[in-house]
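The values are calculated or read from the model by the stated rules, or taken from the named source; none is laboratory data. Because the structure is a prediction, the values reported are computed rather than measured. Don't worry about glycine lacking a Cβ; one is built from the backbone with ideal geometry, like all the others, and counts go over all protein chains shown. Just so you know, the surface numbers come from the protein's heavy atoms only, side chains and all, with ligands and any DNA or RNA stripped out. Shrake-Rupley method; radii C 1.70, N 1.55, O 1.52, S 1.80 Å.
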Amino acid sequence: MKKYRIMGLFSNFREAFRVVEDIKGGKVSGLKLDDVSTMSPIEHPEIDEVLGARPSPVPKFTLTGALFGMTFGFLFLASAQATFLVQPQGGKPVIPLPSNIVLTYEMLILFGVLFTLAGFLISARMLTKRPAIYSEKVGIDQIGIVLELDEKSYEPAKALFKSHGVLEIREEVVK
Amino acid sequence: MKDINEDIKWAQINADVLRSMETPRLGYWIAVATCVAMIACAVVAEIYQYKHGMGYGLLNWPHMWDIYIATFIFWIGMSHSGTLLSAILHIIHADWRKPIYRFAEAMTTFSLMTAGLFPIIHIGRLWNMYWVLPYVTDRGIWPNFRSPLVWDAFAISTYLTSSALFLYIGMIPDLAICRDNARGWRKKLYIALSLGWRGDDRQWRNFRRTYLLMACFLIPLAVSVHSIVSSDFAMSIMPGWHVTTFPPYFVAGALYSGCAAIITLFVLLRYFFRFEEYMTIAILEKTCKLTFAIAMAWTYLNLIEFASTWYGHDVASKEVLLQKFYGPYAPFFWMMMFCGSVVPFTLAIRKFRRHIPTMFVVSLLLNLGMWLERWMIVTPTLANAYHPIAWDTMWPGMVQWAIVFGSFGWFGLLFLVFVKIFPSVSMYEVKEMVYHRRGHAGKDTEEVLHRPVEGVRATTGRPGLEGA
């Protein structure tokens with residue numbers, strides 16, 4: 001059975017979200033909410049209510065980065081300072097905590113930021129090949145509803161788009 | 001008065017911002033040539049100083065630091081503007097920041113790139129600059145991690161990395177718009193930089209989280225950076241520098257000069273790029289009020305510093321303070337007080353706040369005051385240290401002035417290149433602002449926004465950015 005990806009472009013969020021509500025309500029058999037994604041020029045504030053809560057793993061990357069930065073930062077400094085053992089310290093501690101706290105703090109932030117960036121690139125699936133189904137109009141003022149569906153749902157989905165005043169439909173065969 | 005016209009169409013926002021990036025006009029090239037000429041002055045001065053020694057830059061005992069370091073602190077301070085507008089105002093949901101935060105973030109990055117040049121210039125032996133980096137040499141010598149100067153290297157490189165990433169991440173959705181409208185080398189550049197952004201819900205969801213988390217990191221980082229810069233002074237025992245209020249005083253001064261610089265660039269961009277629809281008088285007024293509040297905090301901390309020195313009964317510190325009041329540097333000190341504490345009262349007067357030429361002049365005066373502040377921190381102490389034998393009044397020479405002058409050219413050039421290659425107003429954030437403002441005004445958020453705009457191509461919004 002053929003698999004399709006179709007995108008309907010709408011002139012506003014209201015109509016686009018009505019399509020999603022209808023899909024939620026089972027108006028297109030065989031289509032689930034997980035098969036629906038949106039494309040928009042801005043993030044709509046109520047998108048979570050429409051599509052359901054879809055968690056972002058980015059904060060986990062951030063926490064990991066911050067902890068790594070803190071640990072690595074302190075150990076890096078301490079290991080560097082340990083090489084001073086052969087040198088006279090003038091009564092000062094080999095590993096001075098006050099100054100190391102300052103530098104560890106900077107390392108915590110640096111690695112927190114770097115891991116957050118990595119988390120974003122991975123979680124948002126950036127750097128992946130752009131699917132053919134895309135419209136520049138999404139960057140301007142139109143809202144796209146993208147559906148992944150099989151042959152059976154293809155025509156009903158297009159009919160649903162049309163019933164909500166879709167401006168344009170684009171499609172591609174996935175497999 | 002509204003912060004923005006909520007009836008503006010989304011396609012119009014794209015069109016206006018992309019227009020600002022099109023082929024530059026004569027005025028732009030004149031500005032670029034001026035900046036290049038300023039940089040050339042600095043390069044010649046630096047070569048002269050490099051060949052003949054730091055003495056020719058008038059850096060000699062007891063004036064080892066002087067205006068190079070004063071200017072270094074000035075540029076670090078300037079960098080706090082982006083953090084304030086982007087991070088702090090983002091977290092507290094002050095959406096009036098949206099049309100102006102992008103160039104403030106760019107200022108942050110470029111100020112840091114400018115500031116970073118000064119320690120290199122100041123040490124004289126340029127080829128040894130890498131000694132400050134934390135690595136072990138083949139002689140087994142590591143940098144002294146107890147020194148605030150090494151903390152500076154850590155803090156500033158962290159801040160530069162983080163603020164550059166913050167600027168870049170916040171620009172990705174706009175870079176995708178540029179990608180969809182560009183041709184030639186620009187197209188290739190934007191394809192690479194937009195990282196495949198399509199604006200789907202997964203990308204937006206993770207984008208928002210990332211931006212918020214980075215903002216949360218950037219605020220304490222900015223505070224720590226200028227606190228650490230203040231430690232270069234406060235952790236010494238020099239009279240006039242060993243002051244416990246220096247970290248908050250430096251942070252307040254940094255936010256102050258950053259805000260003043262935002263007003264300057266706000267006026268310039270509004271005028272040259274015809275951004276009247278986005279950089280509105282209402283937003284200028286809010287920026288001015290914020291600047292006024294910070295100016296008063298700075299004035300208070302200044303007075304606290306004087307009072308603590310006066311009542312501290314440290315003879316040498318008191319002497320430095322008195323020398324500032326009526327010594328050879330007194331005219332500059334009082335000019336600093338005038339520019340920093342008196343001039344900002346114009347920001348409290350509505351009539352002046354709404355008059356753009358006045359605000360432009362005021363913003364320049366505020367930053368003059370902030371530069372003088374840094375000079376008055378560094379030089380009077382070196383001129384009046386503990387030993388009378390070391391007392392020496394020093395006036396900067398041509399070499400120093402040329403290098404300081406050139407740093408403004410360097411900053412200006414970076415900024416000019418930025419505004420022609422990258423969108424200086426955030427298109428998606430302004431669209432969000434318009435969308436929400438319509439909702440708050442009780443208007444239908446779904447109407448008007450998505451209508452075609454006359455003269456704008458329906459598919460991509462613009463005829464296209466030429467990059468050939």
| message | Let me spell out the model: positive unit charges on the Cβ of Lys and Arg, negative unit charges on the Cβ of Asp and Glu, origin at the Cα centre of chain A. What dipole size does that give, in debye rounded to 20? | response | 420
| said: Explain nothing, just the number: dipole magnitude of the range B:164-264 about its Cα centre with +1 on each Lys and Arg Cβ and -1 on each Asp and Glu Cβ, in debye rounded to the nearest 20. | reply: 640
| Radius, Kirkwood style, for the range B:1-64 when every pair of distinct Cα atoms is counted (Å) | 16.5
| task | Over chain A, calculate the relative contact order: mean separation of alpha carbon pairs under 8 Å at least 6 apart, over the residue count, as a percent. | result | 54
| query | For the range B:202-286, what log10 I(q)/I(0) values come out of the Debye formula at q = 0.15, 0.27 1/Å, with one point per alpha carbon and no solvent? | reply | -0.82, -1.10
| query | Accessible area, 1.4 Å probe, largest first: how do A:GLU136, A:GLU155 sort? | reply | A:GLU155, A:GLU136
| message | Can you tally the net charge around A:ALA118? Count Lys and Arg as +1, Asp and Glu as -1, for every other residue whose Cβ sits under 14 Å from the Cβ of A:ALA118. | response | +3
| request: Please report Rg over Rh for the range A:58-123, where both radii come from the alpha carbon positions and Rh follows the Kirkwood definition. | output: 1.17
| field | Magnitude of the charge dipole, the range B:10-440, Cβ model with Lys/Arg +1 and Asp/Glu -1, debye to 20 | value | 1440
| note | In the protein assembly as shown, taking the dipole from +1 charges on Lys and Arg beta carbons and -1 charges on Asp and Glu beta carbons about the Cα centre, the listed residue (B:LEU413, B:ILE262, B:THR393) farthest towards the positive end is B:LEU413
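Please report Rg over Rh for the range B:10-440, where both radii come from the alpha carbon positions and Rh follows the Kirkwood definition.
Numbers: Rg = 22.3 Å, Rh = 22.8 Å.
My calculation of the ratio gives 0.98.
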| query | In square angstrom, rounded to the nearest 10, how much accessible surface does B:CYS41 have for a 1.4 Å probe? | reply | 60
| note | Here the equivalent ellipsoid of the range A:82-175, derived from its Cα gyration tensor, has semi-axes (largest first, whole Å) of 60, 14, 10
| task | Report Rg(Cα)/(2.2 N^0.38 Å) for the protein assembly as shown, keeping two decimals. | result | 1.07
| field | Relative contact order (%) - criterion: Cα under 8 Å, at least six apart; region: the range B:1-122 | value | 25
